[in-house]
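The block underneath contains the structure these notes are about, expressed in structure tokens.
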Amino acid sequence: TKNNNNFHRAEGYSEYPLVTIILPAYNVAPYIRQCMDSVVNQTYKNLQIICVDDGSEDDTPNILQEYAEADPRINLVIQENTGNSIARNRALDLAQGKWVMFVDSDDWLETYAVERCVALAQQYQTTLLHFGYRKVSENGESLSEHLPVSFQISTGLYQLTPELQWGFARRNYLWTKFIRRELIERLQLRFPPNIWFEDTVFSQTLYAELQGKCIYITDDVLYNYRQRGNSIMGQFRAKNPKAMDGLHALDYLLQNF
């Protein structure tokens with residue numbers, strides 16, 4: 001583990017809150033450089049970047065080590081393969097930022113994404129902010145742009161109603177969210193291990209807590225989501241038996257609520 005708490009604060013950003021970016025990685029050597037470049041080159045500099053290599057068998061950990069040696073804001077954790085949930089949980093245990101963002105290691109952020117989120121979150125004093133995303137092909141070509149909610153909605157501050165929560169239900173992606181870490185810790189919220197659809201459990205638990213409160217939704221496209229055939233969603237579409245984990249996630253939610 002490489003932990004470094006002397007986070008870089010660029011001139012003009014010292015009064016801005018620390019933002020933690022959580023990035024689990026597993027066998028993504030062809031894509032990880034584009035992802036890491038988008039994170040370390042953010043226009044907002046006051047970042048804690050926690051990368052957890054989950055037992056990769058390719059060159060991913062070596063690439064991440066290269067970035068960690070070059071940038072003191074990066075905390076690199078290398079662990080045995082235990083799954084995405086445990087990797088994210090380990091990162092949350094190390095998180096120190098006022099805000100938390102999640103990035104998948106085969107995707108990438110727009111370089112102004114964090115700066116835009118911080119500005120909106122501070123302006124509207126919201127605990128949870130959602131932003132738009134772009135689907136891209138495996139080789140990075142733009143395919144389509146989407147709101148974080150499954151129906152058309154204008155940018156603005158919204159009370160979280162059951163109807164709006166349903167609009168998020170089919171898009172529980174963590175990487176469209178900017179979350180106050182205080183909320184995560186108050187709920188003692190972590191990802192259930194060893195199942196797919198852990199994003200659903202995490203997101204819907206947040207929404208249950210925020211019912212009746214205000215969240216901010218923007219149509220700014222700040223995230224690029226790469227569609228790969230061997231990703232979890234790709235395997236889901238191919239009817240991998242693990243897709244049945246969706247039922248386990250549902251059962252977990254019912255018990256939790």
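The values are calculated or read from the model by the stated rules, or taken from the named source; none is laboratory data. Since the model is a prediction, treat every value here as computed from it, not as a measurement. Cβ sites come from the backbone with ideal geometry, for glycine too, and all protein chains shown count toward neighbours. Protein only, heavy atoms only, side chains kept; ligands, DNA and RNA dropped before computing areas. Shrake-Rupley method; radii C 1.70, N 1.55, O 1.52, S 1.80 Å.
The calculated P(r) of the chain, using every Cα pair and 5 Å bins from 0, goes 1, 6, 13, 18, 21, 19, 14, 7, 2, 0, 0 in percent.
Residues whose amide H lies under 5 Å from that of Y44, counting only those 5 or more places away or on a different chain, are V114, E115; hydrogens are built 1.01 Å from N in the peptide plane. Label positions at S137 and E163, each projected 7 Å from the Cα along the C-beta direction, are separated by 3.9 nm. Measuring r between the beta carbons of Q227 and N41 and using R0 = 22 Å, the FRET efficiency lands at 0.40.
What is the magnitude of the charge dipole of the chain about its Cα centre, with +1 placed on the Cβ of each Lys and Arg, -1 on the Cβ of each Asp and Glu, and no other charges, expressed in debye to the nearest 20?
Details: 24 positive and 31 negative charges, 128 e Å.
Dipole size: approximately 620 debye.
Applied to the stretch 25-37, the Karplus parametrisation 6.51 cos²θ - 1.76 cosθ + 1.60 on θ = phi - 60° returns per-residue 3J(HN,Hα) values of 9, 8, 6, 10, 3, x, 10, 5, 5, 4, 4, 5, 4 Hz, with x for Gly and Pro.
For the stretch 6-111, what does the alpha-carbon gyration tensor say about shape, rounded, prolate or oblate, given a ≥ b ≥ c as the root eigenvalues, a/c under 1.5 as rounded, and a/b over b/c as prolate? Prolate, because a/c is 1.5 or more and a/b exceeds b/c. Between N75 and I49, I50, C51, the built amide H atoms are under 5 Å apart, and every one of these is 5 or more places off in sequence or on another chain. Taking every C-alpha pair closer than 8 Å and separated by at least 6 residues, the mean separation divided by the residue count of the chain gives a relative contact order of 21 percent. Residues in the stretch 79-92 carry Karplus couplings, in order, of 9, 5, 5, 10, x, 4, 4, 5, 4, 5, 4, 5, 5, 4 Hz; the curve used is 6.51 cos²θ - 1.76 cosθ + 1.60 with θ = phi - 60°, and Gly or Pro positions show x.
On the basis of the beta-carbon distance and an R0 of 35 Å, A208 and D59 show a calculated FRET efficiency of 0.30.
When a 1.4 Å probe is rolled over the protein heavy atoms, the share of accessible surface on the stretch 64-215 that falls to carbon and sulfur comes to 46 percent.
Per residue, the stretch 87-165 exposes an accessible area of 43 Å² to a 1.4 Å probe, with every protein chain left in place. Extending 7 Å from Cα along the Cβ direction at D71 and again at Q96 yields two label points whose distance is 1.7 nm.
Would you mind telling me the antiparallel percentage of the DSSP bridges in the chain, rounded to 5? DSSP beta bridges in the chain are roughly 40 percent antiparallel.
Only lysine pairs 8 or more places apart, or on different chains, with alpha-carbon atoms under 22 angstrom apart are counted in the chain, and they number 9. Between W108 and N224, R226, the built amide H atoms are under 5 Å apart, and every one of these is 5 or more places off in sequence or on another chain. Here the label points at R33 and E182, each 7 Å from Cα along the C-beta direction, are separated by 4.2 nm in the simple model.
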